[in-house]
1. Given the structure, is residue 43 open to solvent by 70 Å² or more (accessible area, probe 1.4 Å) and more than 14 Å from the chain's Cα centre (by Cα)?
2. Tell me, please, whether a residue that is among the hydrophobic types (A, V, I, L, M, F, W, C), surrounded by fewer than 16 Cβ atoms within 10 Å (Cβ to Cβ), under 22 Å from residue 91 (Cβ atoms) and over 10 Å from the mean Cα position of the chain (by Cα) can be found in the stretch 48-58.
3. Name the strands (runs of 3 or more DSSP E) wholly within the stretch 22-95 that hold at least 1 residues that are among the basic types (Lys, Arg)?
4. For residue 65, are the conditions met, namely being closer than 21 Å to residue 79 by Cα and either of a type outside the set (S, T, N, Q) or in contact with a helix residue (DSSP H, G or I) (Cβ under 7 Å, 6 or more places away or on another chain) (or both)?
Amino acid sequence: VKTDQPIWLATGYFNLTPDISQQLLTKHTSTKLLVASPAANSFFRAKGFASLITRAYSLLEQNFFQQAGTGVGLCEYERAGWTFHAKGLWIQHPSHKEHMIG
């Protein structure tokens with residue numbers, strides 16, 4: 001993937017590997033992330049240790065975006081009563097300006 005190719009990444013649980021995080025933070029000029037908001041995470045109303053999982057994902061997001069530059073965007077999915085488990089990676093080829101969702 002070339003550095004000028006926009007990347008869109010969707011994940012229900014924000015737990016990127018260090019290698020992927022580093023690639024997104026240093027190699028790409030345009031990265032957009034779609035993740036579950038804490039309320040759209042299936043652990044949101046969990047009891048015991050599992051109740052800490054949504055907070056852990058939020059901290060990972062926060063740490064990532066403290067390191068990120070202006071080329072990284074974040075959207076959190078939230079809809080009352082719904083959870084978010086979508087996963088996907090879309091890379092736009094420089095010669096193609098149209099978008100595809102798949």
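The values are calculated or read from the model by the stated rules, or taken from the named source; none is laboratory data. A quick note: this is a predicted structure, and the numbers were derived from the prediction, not measured. Here Cβ is always computed from backbone atoms with ideal geometry, including for glycine, and neighbour counts include all displayed protein chains. All accessible areas refer to the heavy atoms of the entire protein, side chains included, with ligands and DNA or RNA removed. Shrake-Rupley method; radii C 1.70, N 1.55, O 1.52, S 1.80 Å.
1. Working: open to solvent by 70 Å² or more (accessible area, probe 1.4 Å): no; more than 14 Å from the chain's Cα centre (by Cα): yes.
Answer is no for this residue.
2. Initial filter on the stretch 48-58 (among the hydrophobic types (A, V, I, L, M, F, W, C)): 49-50, 52-53, 56.
Remaining after also requiring surrounded by fewer than 16 Cβ atoms within 10 Å (Cβ to Cβ): 49-50, 52, 56.
Narrowing further to those that are under 22 Å from residue 91 (Cβ atoms): none.
No, the stretch 48-58 contains no residue that is among the hydrophobic types (A, V, I, L, M, F, W, C), surrounded by fewer than 16 Cβ atoms within 10 Å (Cβ to Cβ), under 22 Å from residue 91 (Cβ atoms) and over 10 Å from the mean Cα position of the chain (by Cα).
3. Working: elements: 31-36, 72-77, 88-91.
In the stretch 22-95, the matching strands (runs of 3 or more DSSP E) lie at 31-36.
4. On the way: closer than 21 Å to residue 79 by Cα: no; either of a type outside the set (S, T, N, Q) or in contact with a helix residue (DSSP H, G or I) (Cβ under 7 Å, 6 or more places away or on another chain) (or both): yes.
No.
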